[in-house]
Every structure is written in structure tokens, then in C-alpha cells.
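The values are calculated or read from the model by the stated rules, or taken from the named source; none is laboratory data. Not measured: the values here are computed from a predicted model. As a convention, Cβ positions derive from the backbone with ideal geometry for all residues, glycine included, and neighbour counts pool all protein chains shown.
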């Protein structure tokens, strides 16, 4: 019994350490995201417009990848999906990669299904949400079907506060 208690204590200690490291990494990542979005020369709306040359934007977000800010837009064109990276300092398309498998493909298909029912585009939904909170900047926009209706979840940064608004796309 004593060995089992020691073993479980050791496992719990390791787990707590990992959670602490993850929590610290998450806080650091959130700080980088807030700072990056605040300093970015290009808005999410401009990124959506730039990516539209590659296909219909079906979602978009600023994210921290390998410690650096990037603006990622998922697009759909002719039944295929791509992740378009827009340079957040120039507004130019930096690269475009096909989405062909895994969780990214499942998300793209779901987002595309929502956009198929939408009567307005993501850029308009972001602009409407940003206008509702003075001085805010959009971090992300993701469409979904809710009770059979297309809606966009728009995450905004206002000062140091992050808020999410839902906009109908119909």
C-alpha cells in the first residue's frame, strides 16, 4: 500500500508540474497574441480580403505559431481547402498550403458548410462586431451552424480584454 501511495504521489507531482508549465506557456502565448494583434499593421478584415484571392474565406485568426504572430485564413475553392498565411505587416499572402487531412480538414468542412448557408461574408461580420465595441480589434472569426442558421463567432481584443460576440450570417 505504501508503494502505491508513493507512486500516486509521484504521478500527481509530475502532472502538477506539467500543468504548471502548460499554464505558464499559455499565459506567455496569450501575452504574445495580445501584443502582436495590438502591434499588427494589418487587421483581420484586411487579411480576409487578401486571402480572398486564393478562395472564399471560411475562417480567420491571428495566432502564435513557434513564438511568432501569424495571420491564418482558411479558404475554400472548387471543393478544396487551403490555409493562407497573410503577412501581418504588409498584407501580402506569404504562403498557401492545401488542407487535406486531420482535424484541420474537419474544421474546414464544417466552416464551409456554415458559409454555404451564409448571406453575408466574414469580413462584414467582423466589421459589425468591431463597431459594437469601440477601439477593439478582431483576433478571430469562425462560422458555424447553430439551429440550422449560419453564425460567426468573432473574438475581439479591447485594451487587454478579450471578448467574443456572435453575429448572424443570414
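Results for (1) crowded, with 20+ Cβ neighbours inside 10 Å; (2) in contact with a helix residue (DSSP H, G or I) (Cβ under 9 Å, 6 or more places away or on another chain); (3) within 17 Å of residue 44 (Cα to Cα), shown as yes or no for each residue.
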| residue | (1), (2), (3) |
| --- | --- |
| 67 | no, yes, no |
| 97 | no, no, no |
| 102 | no, no, no |
| 123 | yes, yes, yes |
| 127 | no, yes, yes |
| 132 | no, no, yes |
| 162 | no, yes, yes |
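Of everything in region 127-154, what is part of a strand (DSSP E or B) and free of Cβ contacts under 8 Å to residues at least 60 places away in the same chain? Give them in sequence order.
As a first pass, look at region 127-154 and keep what is part of a strand (DSSP E or B): 137-146, 149-154.
Within region 127-154, 144, 145, 146, 149, 150, 151, 152, 153, 154 meet the criteria.
Need the failing condition index for residue 148 against (1) under 17 Å from the mean Cα position of the chain (by Cα); (2) exposed (fewer than 13 other Cβ atoms within 10 Å of the Cβ), just the number.
(1)
Would you check which residues across region 92-119 are within 16 Å of residue 61 (Cβ to Cβ) and either out of contact with any strand residue (DSSP E or B) (no Cβ under 8 Å at 6 or more places or on another chain) or modelled with pLDDT under 95 (or both) and list them?
103, the sole residue that qualifies.
Could you grab me the full set of residues in region 62-82 that are within 12 Å of the chain's Cα centre (by Cα) and closer than 21 Å to residue 117 by Cα?
Selection gives 73, 74.
Answer yes or no as to whether residue 60 is part of a helix (DSSP H, G or I), modelled with pLDDT of 75 or more, surrounded by 10 or more Cβ atoms within 10 Å (Cβ to Cβ) and touching a strand residue (DSSP E or B) at 6+ places or on another chain (Cβ under 6 Å). Give the steps one after another, and end with the answer.
Working: part of a helix (DSSP H, G or I): no; modelled with pLDDT of 75 or more: yes; surrounded by 10 or more Cβ atoms within 10 Å (Cβ to Cβ): yes; touching a strand residue (DSSP E or B) at 6+ places or on another chain (Cβ under 6 Å): yes.
It is false that residue 60 is part of a helix (DSSP H, G or I), modelled with pLDDT of 75 or more, surrounded by 10 or more Cβ atoms within 10 Å (Cβ to Cβ) and touching a strand residue (DSSP E or B) at 6+ places or on another chain (Cβ under 6 Å).
I'm trying to understand the selection: among the residues of region 99-126, which are more than 17 Å from residue 168 (Cβ to Cβ) and outside any helix (DSSP H, G or I)? Before you say what the answer is, go through the steps one by one.
First, pick out the residues of region 99-126 that are more than 17 Å from residue 168 (Cβ to Cβ): 99-110, 112.
Matches in region 99-126: 99, 100, 101.
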